[in-house]
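The values are calculated or read from the model by the stated rules, or taken from the named source; none is laboratory data. Computed from a predicted structure; not experimentally measured. Here Cβ is always computed from backbone atoms with ideal geometry, including for glycine, and neighbour counts include all displayed protein chains.
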Amino acid sequence: MTKSDIHSAIKRVLHEAGMHPRHRFGQNFMIEPSSLDAMVQSARIAPDDRVLEIGPGPGNLTQLLAQRAAHVLAVDIDRQLLPAAQASLAGYRNITWLCADALDGKHRLAAVVHDALIKMADGRGVKLVANLPYNIASPLVVILLSLAWRHQRGLPGGVHFQQLTFTVQLEVARRMTATPDNNAYGALTVMIAAMAQARVIRTIPPGHFWPPPQIDSALVEIIPQPDRSAAIADFAFLETFVSQMFSHRRQTIRNALRHSANGSLLGGLTDVANRWLDQRPGELRAEDFVLLANQWQPLAR
(Lines give C-alpha, C1' and ligand atoms only; values in the text may rest on other atoms or scores of the structure.)
Protein backbone atom coordinates (compact mmCIF):
# COMPACT_ATOMS: atom_id res chain seq x y z
CA MET A 1 0.00 0.00 0.00
CA THR A 2 1.10 3.55 -0.66
CA LYS A 3 1.19 6.32 1.91
CA SER A 4 -2.00 7.71 0.39
CA ASP A 5 -3.71 4.30 0.59
CA ILE A 6 -2.82 3.92 4.28
CA HIS A 7 -3.97 7.46 5.04
CA SER A 8 -7.31 6.82 3.29
CA ALA A 9 -7.80 3.50 5.11
CA ILE A 10 -7.24 5.17 8.47
CA LYS A 11 -9.70 7.93 7.62
CA ARG A 12 -12.32 5.31 6.71
CA VAL A 13 -11.98 3.63 10.10
CA LEU A 14 -12.19 6.98 11.87
CA HIS A 15 -15.27 7.88 9.82
CA GLU A 16 -16.92 4.62 10.88
CA ALA A 17 -16.13 5.53 14.48
CA GLY A 18 -17.51 9.05 13.95
CA MET A 19 -14.38 10.69 15.27
CA HIS A 20 -11.10 12.48 14.58
CA PRO A 21 -7.64 11.77 16.05
CA ARG A 22 -7.56 12.63 19.75
CA HIS A 23 -4.58 14.50 21.12
CA ARG A 24 -5.30 13.40 24.70
CA PHE A 25 -4.78 9.78 23.68
CA GLY A 26 -1.60 10.58 21.75
CA GLN A 27 -3.21 9.55 18.47
CA ASN A 28 -0.68 10.20 15.71
CA PHE A 29 -1.11 7.32 13.30
CA MET A 30 1.79 6.02 11.22
CA ILE A 31 1.07 6.32 7.49
CA GLU A 32 4.53 5.91 5.94
CA PRO A 33 4.96 2.40 4.45
CA SER A 34 8.75 2.37 4.92
CA SER A 35 8.45 3.07 8.66
CA LEU A 36 5.70 0.47 9.10
CA ASP A 37 7.85 -2.04 7.25
CA ALA A 38 10.88 -1.14 9.38
CA MET A 39 8.87 -1.84 12.55
CA VAL A 40 7.69 -5.22 11.33
CA GLN A 41 11.07 -6.25 9.96
CA SER A 42 12.92 -5.15 13.11
CA ALA A 43 10.57 -7.21 15.28
CA ARG A 44 11.57 -10.37 13.33
CA ILE A 45 8.11 -11.85 13.78
CA ALA A 46 7.90 -15.62 13.32
CA PRO A 47 4.69 -17.58 12.61
CA ASP A 48 4.51 -18.86 16.21
CA ASP A 49 5.14 -15.47 17.87
CA ARG A 50 2.76 -13.81 20.32
CA VAL A 51 2.66 -10.02 19.97
CA LEU A 52 1.46 -7.30 22.34
CA GLU A 53 0.39 -4.04 20.69
CA ILE A 54 -0.45 -1.07 22.90
CA GLY A 55 -2.36 1.69 21.13
CA PRO A 56 -3.40 -0.01 17.87
CA GLY A 57 -5.55 2.95 16.87
CA PRO A 58 -7.22 2.22 13.50
CA GLY A 59 -5.38 -1.11 13.18
CA ASN A 60 -3.03 -0.43 10.27
CA LEU A 61 -0.04 -1.91 12.13
CA THR A 62 -2.25 -4.55 13.77
CA GLN A 63 -3.09 -5.99 10.37
CA LEU A 64 0.58 -6.34 9.43
CA LEU A 65 1.28 -8.07 12.72
CA ALA A 66 -1.69 -10.43 12.42
CA GLN A 67 -0.50 -11.46 8.96
CA ARG A 68 2.76 -12.74 10.44
CA ALA A 69 2.23 -13.73 14.09
CA ALA A 70 0.33 -16.55 15.77
CA HIS A 71 -1.61 -14.10 17.91
CA VAL A 72 -1.87 -10.37 18.59
CA LEU A 73 -3.20 -8.77 21.76
CA ALA A 74 -4.29 -5.24 20.77
CA VAL A 75 -4.96 -2.94 23.73
CA ASP A 76 -6.46 0.52 23.30
CA ILE A 77 -8.03 2.99 25.72
CA ASP A 78 -10.29 4.55 23.08
CA ARG A 79 -13.76 3.01 23.49
CA GLN A 80 -14.98 4.72 20.34
CA LEU A 81 -12.15 3.82 17.99
CA LEU A 82 -11.40 0.25 19.05
CA PRO A 83 -14.75 -1.27 17.86
CA ALA A 84 -14.30 0.37 14.45
CA ALA A 85 -10.75 -1.00 14.15
CA GLN A 86 -11.98 -4.42 15.23
CA ALA A 87 -14.74 -4.34 12.63
CA SER A 88 -12.31 -3.37 9.87
CA LEU A 89 -10.16 -6.42 10.69
CA ALA A 90 -13.01 -8.84 11.43
CA GLY A 91 -11.52 -11.38 9.04
CA TYR A 92 -8.53 -11.96 11.32
CA ARG A 93 -9.21 -14.60 13.97
CA ASN A 94 -5.84 -14.29 15.66
CA ILE A 95 -6.40 -10.83 17.20
CA THR A 96 -7.68 -10.29 20.73
CA TRP A 97 -9.06 -6.77 21.13
CA LEU A 98 -9.06 -5.29 24.61
CA CYS A 99 -10.43 -1.86 25.46
CA ALA A 100 -8.52 -0.75 28.55
CA ASP A 101 -6.00 1.71 29.93
CA ALA A 102 -2.77 -0.28 29.76
CA LEU A 103 -1.40 1.08 33.02
CA ASP A 104 -2.62 1.01 36.59
CA GLY A 105 -0.52 3.88 37.94
CA LYS A 106 3.16 4.21 37.07
CA HIS A 107 4.43 0.86 38.24
CA ARG A 108 2.15 -1.90 36.95
CA LEU A 109 -0.04 -3.03 34.13
CA ALA A 110 -3.78 -2.86 34.56
CA ALA A 111 -4.93 -6.22 35.92
CA VAL A 112 -7.16 -6.93 32.92
CA VAL A 113 -4.24 -6.32 30.54
CA HIS A 114 -1.87 -8.43 32.62
CA ASP A 115 -4.37 -11.30 32.73
CA ALA A 116 -4.91 -11.16 28.95
CA LEU A 117 -1.15 -11.04 28.39
CA ILE A 118 -0.55 -14.11 30.59
CA LYS A 119 -3.34 -15.96 28.78
CA MET A 120 -1.96 -15.12 25.34
CA ALA A 121 1.62 -15.98 26.29
CA ASP A 122 0.64 -19.36 27.76
CA GLY A 123 4.22 -19.84 28.90
CA ARG A 124 5.73 -18.78 25.57
CA GLY A 125 7.71 -15.71 24.61
CA VAL A 126 6.03 -12.40 23.75
CA LYS A 127 7.12 -9.43 21.65
CA LEU A 128 5.94 -5.85 22.06
CA VAL A 129 5.47 -4.13 18.70
CA ALA A 130 3.72 -0.78 18.92
CA ASN A 131 3.46 2.87 18.08
CA LEU A 132 3.34 3.68 21.76
CA PRO A 133 1.27 6.58 23.04
CA TYR A 134 4.04 8.95 24.07
CA ASN A 135 2.58 9.71 27.50
CA ILE A 136 2.91 6.10 28.71
CA ALA A 137 6.00 4.88 26.85
CA SER A 138 8.64 5.31 29.57
CA PRO A 139 6.76 3.71 32.49
CA LEU A 140 5.37 0.97 30.25
CA VAL A 141 8.81 -0.12 29.05
CA VAL A 142 10.11 -0.38 32.63
CA ILE A 143 7.00 -2.33 33.68
CA LEU A 144 7.43 -4.83 30.85
CA LEU A 145 11.08 -5.28 31.78
CA SER A 146 10.00 -5.93 35.37
CA LEU A 147 7.72 -8.71 34.08
CA ALA A 148 10.68 -10.11 32.11
CA TRP A 149 12.73 -10.07 35.34
CA ARG A 150 9.97 -11.92 37.20
CA HIS A 151 9.91 -14.56 34.47
CA GLN A 152 13.67 -14.96 34.71
CA ARG A 153 13.35 -15.52 38.46
CA GLY A 154 10.40 -17.90 38.12
CA LEU A 155 8.13 -15.54 40.05
CA PRO A 156 4.33 -15.39 39.63
CA GLY A 157 3.07 -13.00 36.98
CA GLY A 158 6.27 -12.98 34.97
CA VAL A 159 6.24 -12.80 31.17
CA HIS A 160 9.03 -13.88 28.85
CA PHE A 161 9.47 -10.75 26.74
CA GLN A 162 11.81 -11.60 23.91
CA GLN A 163 11.93 -8.14 22.37
CA LEU A 164 10.36 -4.67 22.57
CA THR A 165 10.12 -2.76 19.27
CA PHE A 166 8.29 0.54 19.36
CA THR A 167 8.17 4.17 18.33
CA VAL A 168 8.62 6.97 20.82
CA GLN A 169 9.63 10.63 20.91
CA LEU A 170 13.23 11.02 19.74
CA GLU A 171 14.11 12.81 22.99
CA VAL A 172 12.83 9.83 25.01
CA ALA A 173 14.64 7.40 22.70
CA ARG A 174 17.88 9.23 23.45
CA ARG A 175 17.21 8.92 27.17
CA MET A 176 16.57 5.21 26.76
CA THR A 177 19.87 4.62 24.98
CA ALA A 178 22.19 7.23 26.54
CA THR A 179 25.60 6.53 28.06
CA PRO A 180 27.08 7.82 31.35
CA ASP A 181 28.23 11.44 31.43
CA ASN A 182 25.52 12.39 28.92
CA ASN A 183 22.79 14.88 29.83
CA ALA A 184 20.15 12.39 28.61
CA TYR A 185 21.45 9.68 30.97
CA GLY A 186 19.14 9.08 33.91
CA ALA A 187 17.02 6.62 35.85
CA LEU A 188 15.18 5.42 32.74
CA THR A 189 18.47 4.70 30.98
CA VAL A 190 19.79 2.72 33.92
CA MET A 191 16.68 0.58 34.35
CA ILE A 192 16.72 -0.38 30.68
CA ALA A 193 20.48 -1.00 30.50
CA ALA A 194 20.35 -3.05 33.71
CA MET A 195 18.05 -5.52 31.96
CA ALA A 196 18.59 -5.25 28.24
CA GLN A 197 20.41 -4.05 25.16
CA ALA A 198 18.75 -0.98 23.63
CA ARG A 199 19.35 0.88 20.40
CA VAL A 200 17.71 3.42 18.13
CA ILE A 201 17.04 1.75 14.79
CA ARG A 202 16.02 4.89 12.90
CA THR A 203 14.64 8.36 13.39
CA ILE A 204 11.16 9.08 12.04
CA PRO A 205 10.15 12.56 10.85
CA PRO A 206 6.74 14.06 11.72
CA GLY A 207 5.48 13.58 8.16
CA HIS A 208 5.44 9.80 8.63
CA PHE A 209 2.42 10.23 10.92
CA TRP A 210 -1.05 11.67 10.57
CA PRO A 211 -1.72 14.06 12.08
CA PRO A 212 1.99 14.94 12.20
CA PRO A 213 3.38 15.50 15.71
CA GLN A 214 5.43 18.59 16.49
CA ILE A 215 8.59 16.57 17.10
CA ASP A 216 10.72 13.83 15.57
CA SER A 217 10.19 10.25 16.68
CA ALA A 218 12.39 7.17 16.73
CA LEU A 219 12.08 3.44 16.32
CA VAL A 220 13.67 1.72 19.31
CA GLU A 221 14.63 -1.91 19.89
CA ILE A 222 15.12 -3.35 23.38
CA ILE A 223 16.20 -6.96 23.84
CA PRO A 224 16.27 -8.34 27.42
CA GLN A 225 19.49 -10.10 28.39
CA PRO A 226 19.14 -13.06 30.81
CA ASP A 227 22.60 -12.55 32.30
CA ARG A 228 21.80 -8.94 33.21
CA SER A 229 18.43 -9.92 34.64
CA ALA A 230 20.04 -12.61 36.77
CA ALA A 231 22.35 -10.05 38.41
CA ILE A 232 19.42 -8.01 39.81
CA ALA A 233 18.40 -9.16 43.30
CA ASP A 234 15.16 -7.16 43.43
CA PHE A 235 13.87 -5.23 40.42
CA ALA A 236 11.42 -3.06 42.39
CA PHE A 237 14.11 -2.08 44.91
CA LEU A 238 16.55 -1.28 42.10
CA GLU A 239 13.97 0.99 40.46
CA THR A 240 13.34 2.86 43.73
CA PHE A 241 17.06 3.04 44.49
CA VAL A 242 18.01 4.41 41.08
CA SER A 243 15.20 6.97 41.23
CA GLN A 244 16.42 8.17 44.63
CA MET A 245 19.99 8.50 43.41
CA PHE A 246 19.01 10.55 40.37
CA SER A 247 16.76 12.78 42.45
CA HIS A 248 20.12 14.02 43.84
CA ARG A 249 22.02 13.76 40.57
CA ARG A 250 24.23 16.79 41.29
CA GLN A 251 25.41 15.26 44.56
CA THR A 252 27.76 12.35 45.15
CA ILE A 253 26.41 8.86 45.69
CA ARG A 254 27.58 9.15 49.31
CA ASN A 255 25.38 12.18 49.97
CA ALA A 256 22.47 10.74 47.98
CA LEU A 257 22.59 7.61 50.16
CA ARG A 258 22.64 9.74 53.29
CA HIS A 259 19.45 11.42 52.07
CA SER A 260 17.76 8.04 51.61
CA ALA A 261 18.80 6.39 54.91
CA ASN A 262 20.98 6.67 58.00
CA GLY A 263 24.48 7.65 56.96
CA SER A 264 26.00 5.18 59.40
CA LEU A 265 24.86 2.37 57.10
CA LEU A 266 27.54 3.36 54.59
CA GLY A 267 30.06 1.44 56.67
CA GLY A 268 28.38 -1.80 55.63
CA LEU A 269 29.30 -1.44 51.96
CA THR A 270 32.18 -3.42 50.51
CA ASP A 271 35.34 -1.86 49.14
CA VAL A 272 34.06 -2.44 45.61
CA ALA A 273 30.96 -0.34 46.29
CA ASN A 274 32.90 2.28 48.22
CA ARG A 275 34.80 3.28 45.11
CA TRP A 276 31.59 4.79 43.68
CA LEU A 277 30.62 6.85 46.72
CA ASP A 278 32.40 10.01 45.60
CA GLN A 279 31.02 9.84 42.06
CA ARG A 280 27.76 11.34 40.89
CA PRO A 281 24.83 9.20 39.67
CA GLY A 282 25.37 10.23 36.06
CA GLU A 283 28.87 8.73 36.14
CA LEU A 284 27.89 5.18 37.17
CA ARG A 285 27.12 2.41 34.71
CA ALA A 286 23.95 0.34 35.01
CA GLU A 287 25.89 -2.66 36.32
CA ASP A 288 27.42 -0.45 39.01
CA PHE A 289 23.95 0.57 40.16
CA VAL A 290 22.87 -3.08 40.26
CA LEU A 291 25.81 -4.09 42.45
CA LEU A 292 25.36 -1.07 44.72
CA ALA A 293 21.60 -1.63 45.09
CA ASN A 294 22.13 -5.32 45.84
CA GLN A 295 24.49 -4.36 48.68
CA TRP A 296 22.37 -1.45 49.93
CA GLN A 297 19.05 -3.29 50.18
CA PRO A 298 19.87 -5.52 53.20
CA LEU A 299 21.52 -2.56 54.97
CA ALA A 300 18.56 -0.21 54.45
CA ARG A 301 15.83 -2.58 55.68
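Cβ separations smaller than 7 Å between residues 6+ apart or across chains give the following pairs from region 4-22 residues that are without any contact (Cβ under 8 Å) to a residue 12 or more places away in the chain to residues that are assigned to a helix (DSSP H, G or I): 20/14. Checking the stated criteria, residue 122 turns out not to satisfy the condition of being acidic (Asp, Glu), modelled with pLDDT of 95 or more and out of contact with any helix residue (DSSP H, G or I) (no Cβ under 9 Å at 6 or more places or on another chain).
For region 145-163, the condition holds for at least one residue, the condition being that it is crowded, with 18+ Cβ neighbours inside 10 Å and either outside the structural domain of residue 187 (by TED's automatic domain parsing) or of a type in the set (Phe, Trp, Tyr) (or both). Set side by side, the residues 46, 69, 38 differ, and just one is among the hydrophobic types (A, V, I, L, M, F, W, C) and either touching a Cys at 6+ places or on another chain (Cβ under 7 Å) or free of Cβ contacts under 8 Å to residues at least 24 places away in the same chain (or both), which is 46.
Restricted to region 65-84, and to residues there that are within 19 Å of residue 210 (Cβ to Cβ) and surrounded by 19 or more Cβ atoms within 10 Å (Cβ to Cβ), the residue that is nearest to the chain's Cα centre (by Cα) is 76.
Note on region 253-276: residues that are modelled with pLDDT under 80 and either of a type in the set (Gly, Ala, Ser) or outside the structural domain of residue 241 (by TED's automatic domain parsing) (or both) total 5.
Looking at this structure, is residue 62 within 29 Å of residue 212 (Cα to Cα), surrounded by 21 or more Cβ atoms within 10 Å (Cβ to Cβ) and among the polar types (S, T, N, Q)? So that I can check it myself, show each step before the final result.
Values: within 29 Å of residue 212 (Cα to Cα): yes; surrounded by 21 or more Cβ atoms within 10 Å (Cβ to Cβ): yes; among the polar types (S, T, N, Q): yes.
Yes; evaluated as a whole, the condition is true for this residue.
Report the residue count in region 189-236 for those that are farther than 27 Å from residue 60 by Cβ, assigned to a helix (DSSP H, G or I) and not β-branched (Val, Ile, Thr). The number of residues fulfilling the criteria is 12. Of the helices (runs of 4 or more DSSP H) lying entirely inside region 53-138, those containing at least 3 residues that are in the same structural domain as residue 32 (by TED's automatic domain parsing), under 19 Å from residue 10 (Cβ atoms) and among the aliphatic types (A, V, I, L, M) span 60-66, 81-88.
Quick test for you: out of 141, 190, 159, 126, pick the one residue that is aliphatic (A, V, I, L, M) and more than 18 Å from residue 43 (Cβ to Cβ). Step through it out loud before you land on a result.
On the way: 141 fails: more than 18 Å from residue 43 (Cβ to Cβ); 159 fails: more than 18 Å from residue 43 (Cβ to Cβ); 126 fails: more than 18 Å from residue 43 (Cβ to Cβ).
Testing whether each residue is aliphatic (A, V, I, L, M) and more than 18 Å from residue 43 (Cβ to Cβ) leaves just 190.
Each residue in region 8-38 was checked for being touching a strand residue (DSSP E or B) at 6+ places or on another chain (Cβ under 7 Å), of a type in the set (S, T, N, Q) and modelled with pLDDT of 95 or more, and 1 of them qualify. Annotation note: Cβ proximity below 6 Å between a residue of region 275-301 that is in contact (Cβ under 8 Å) with a residue 40 or more places away in the chain and a residue that is hydrophobic (A, V, I, L, M, F, W, C) and not in a helix (DSSP H, G or I) (sequence gap 6+ or interchain) occurs for 284/276; 290/232; 294/233; 300/261. I'd like to know if region 41-50 contains one or more residues that are touching a Lys or Arg at 6+ places or on another chain (Cβ under 7 Å), closer than 27 Å to residue 160 by Cβ, in a helix (DSSP H, G or I) and of a type outside the set (D, E, K, R). Looking through region 41-50, at least one residue is touching a Lys or Arg at 6+ places or on another chain (Cβ under 7 Å), closer than 27 Å to residue 160 by Cβ, in a helix (DSSP H, G or I) and of a type outside the set (D, E, K, R). Do the conditions hold for residue 121, that is, is it under 16 Å from the mean Cα position of the chain (by Cα), farther than 22 Å from residue 30 by Cβ and either surrounded by fewer than 22 Cβ atoms within 10 Å (Cβ to Cβ) or among the small types (Gly, Ala, Ser) (or both)? No: the conditions fail for residue 121.
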